[in-house]
1. Would you check which residues across region 42-58 are within 11 Å of the chain's Cα centre (by Cα) and farther than 13 Å from residue 27 by Cα and list them?
2. Being in a helix (DSSP H, G or I), more than 15 Å from residue 76 (Cα to Cα) and of a type outside the set (D, E, K, R) is the filter here, so list the residues in region 2-39 that pass it.
3. Condition first: crowded, with 18+ Cβ neighbours inside 10 Å and free of Cβ contacts under 8 Å to residues at least 60 places away in the same chain. Now tell me which residues in region 21-36 satisfy that.
4. Which one of the conditions (1) among the charged types (D, E, K, R); (2) part of a helix (DSSP H, G or I); (3) in contact (Cβ under 8 Å) with a residue 24 or more places away in the chain does residue 63 fail to meet, given that it meets all the rest?
5. Any idea which of 81, 72, 68 is in contact with a strand residue (DSSP E or B) (Cβ under 9 Å, 6 or more places away or on another chain) and either open to solvent by 70 Å² or more (accessible area, probe 1.4 Å) or not basic (Lys, Arg) (or both)?
6. For region 6-17, indicate whether the set of residues that are in contact with a strand residue (DSSP E or B) (Cβ under 6 Å, 6 or more places away or on another chain), open to solvent by 60 Å² or more (accessible area, probe 1.4 Å) and not aromatic (Phe, Trp, Tyr) is non-empty.
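The values are calculated or read from the model by the stated rules, or taken from the named source; none is laboratory data. Model, not experiment: these values are computed from the prediction. Here the Cβ is made from the backbone with ideal geometry for all residues, glycine too, and neighbour counts use every protein chain on show. SASA here: full protein model, heavy atoms, side chains in, ligands and nucleic acids out. Shrake-Rupley method; radii C 1.70, N 1.55, O 1.52, S 1.80 Å.
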Amino acid sequence: CSPSKYCPERPVTRAEMAAFLVRALELPDATDNVFTDTKVHSLESEIGALHAAGITDGCSPSKYCPERPVTRAEMAAFLVRALETV
């Protein structure tokens, strides 16, 4: 959560989950962004890569909700779809 802290008790956001998976799976960068709420987000590329890989469709057809915490159910769904890509 910062250069000198890990913050293990803090919830993970949907954007952070995207970054974790994209980096772990070494997914290629996405060339397009389908989500209107990530166009200026610092993890826009990772979110786009996760979508391009078929791991997420977002929280609605046009939004990803990057700052919303990931629920346990969402995390399970992300991981199942991510593991299907490897």
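1. Within region 42-58, 43, 44, 56, 57, 58 meet the criteria.
2. 15, 19, 22, 24, 25 - these are the residues of region 2-39 that are in a helix (DSSP H, G or I), more than 15 Å from residue 76 (Cα to Cα) and of a type outside the set (D, E, K, R).
3. 22, 27, 30, 35
4. That leaves (2) as the condition not met.
5. None of the others qualify; the one that does is 68.
6. So far as region 6-17 goes, yes, one or more of its residues are in contact with a strand residue (DSSP E or B) (Cβ under 6 Å, 6 or more places away or on another chain), open to solvent by 60 Å² or more (accessible area, probe 1.4 Å) and not aromatic (Phe, Trp, Tyr).
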